[in-house]
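Below is one structure; the comments refer to it alone.
Values in this text are rule-based calculations from the coordinates and carry no lab data. Here the structure is a predicted model, which is why all the values come from computation and not from measurement. Glycine gets a Cβ as well: all are built from the backbone with ideal geometry, and neighbour counts include every protein chain shown.
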Amino acid sequence: MKSTKILIIYDFDWSLSDKDSDHHVFEKFGVDTTHYSDEHHSWVTFVNECLFEIYQKGISPPQFSTLFNDFPISESMVRAIKFAKEKGADLYIISDGNTFFLDLAMSKHDIKDCFTKIITHKANFHENGLIELSPVFPEGTHDCKTNSVRYGTTCSIHMCKGIKVSELKTSEYGKTIYIGDGKNDFCAACKLKSDDLLLVRKGRALAKILEDDMSQISAEVQYWTDASEVLARFQKELS
Ligand SMILES: [Mg+2]
Ligand SMILES: [Zn+2]
């Protein structure tokens, strides 16, 4: 008999949250991110450069603690996560953010414990106060070639969410629900099967990729704008 257990995998920035956690920090500390280009940088390499700039400004890790007080995560999304956990789903996050910012961003919502595992770049704290990320995939450890019409290769050298989704999608689960918005969620979306569900935030890069080309997508796709739509779909799937 097919399992009825549900696996829920979240992207963090602009999927679970309503803002990008890295940009939130750089904005607060006045770090200029306009020179970022993903042709020259992986996101992790760029964030490490920005963290070095913050360190050079004399800002130390404790000064990050209140930064996320105004970071937006909607009430409905918090309810959706807690509801899914209560109903026995297994929840994961796969994020190109980092352990430090995600912990801070989630702290006041009491949702971190709902997740079995948070797969994201690890923030390391050096004695001198510098924060430095070590990537989920060190350079040269994956060779994903997932390609989209609009953006070309969608995975960076330091992150392939598709590999992680394939590892998590064991036969224990009857259905996988993936919530994403970005270019780097496309590879994960391609790994979903016809019984699975892809919840795509409207108006962002993943939605644009899918607008051009659905040929690599097998899962049902539902577009959403407000987190209450995600909550409603969880209620339907998990009642
Ligand atoms: Mg995102
Ligand atoms: Zn990939």
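Determine the dipole magnitude for the stretch 23-72: charges of +1 sit on the beta-carbon of Lys and Arg, -1 on that of Asp and Glu, nothing else is charged, the reference point is the Cα centre, and the result goes in debye to the nearest 20. Could the numbers behind the result be given before it?
Working: 2 positive and 7 negative charges, 50 e Å.
Computed charge dipole of the stretch 23-72: roughly 240 debye.
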Size of charge dipole - the chain - debye, nearest 20, with Cβ of Lys, Arg +1 and Asp, Glu -1, no other charges: 840
Projected onto the charge dipole of the stretch 16-110 (unit charges on the beta-carbon of Lys, Arg, Asp and Glu, signs +1, +1, -1, -1), the Cα from His40, Phe52, Ser21 with the largest positive-side position is that of Ser21
The alpha-carbon pair-distance distribution computed for the chain, with 5 angstrom bins and whole-percent values, is 1, 6, 14, 18, 20, 17, 13, 7, 3, 1, 0, 0
Per DSSP helix of 4 or more residues, -39500 (n - 2.57); summed, then divided by the residues of the chain. What does that give at 222 nm, rounded to the nearest 500? -9000 deg cm²/dmol
List every residue whose amide H lies under 5 Å from the amide H of Lys19, counting only residues 5 or more places away in sequence or on a different chain, with H placed 1.01 Å from N in the peptide plane. Trp14
Once you've got the GNM for the chain with C-alpha springs shorter than 10 Å, pick whichever of Gly180, Gly97, Gly88 has the biggest mean-square fluctuation. Gly88
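Mind listing which trypsin sites (Lys or Arg not before Pro) in the stretch 182-217 are in a DSSP loop and have 11 or fewer other Cβ atoms within 10 Å?
Details: sites: Lys183, Lys191, Lys193, Arg201, Lys202, Arg204, Lys208; in loops: Lys191, Lys193, Lys202, Arg204.
Filter output for the stretch 182-217: Lys193.
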Cut-off under 19 Å on the C-alpha distance; same-chain residues fewer than 8 positions from Lys85 excluded. Which aspartates and glutamates are left, in chain and number order? Asp11, Glu75, Asp103, Asp110, Asp113, Glu172, Asp196, Glu229, Glu237
If one builds a Gaussian network model of the chain from Cα atoms under 10 Å apart, the most fluctuating residue listed among Glu49, Glu220, Glu167 is Glu167
With Cα coordinates, the longest principal axis of the chain makes an angle with the long axis of helix 75-86, in degrees rounded to 10, of 60
Among Pro61, Pro135, Ser76, whose Cα lies farthest out toward the positive end of the dipole of the chain, if unit charges sit on the beta carbon of Lys, Arg (+1) and Asp, Glu (-1)? Ser76
What share of the DSSP beta bridges in the chain is antiparallel, in percent to the nearest 5? 25
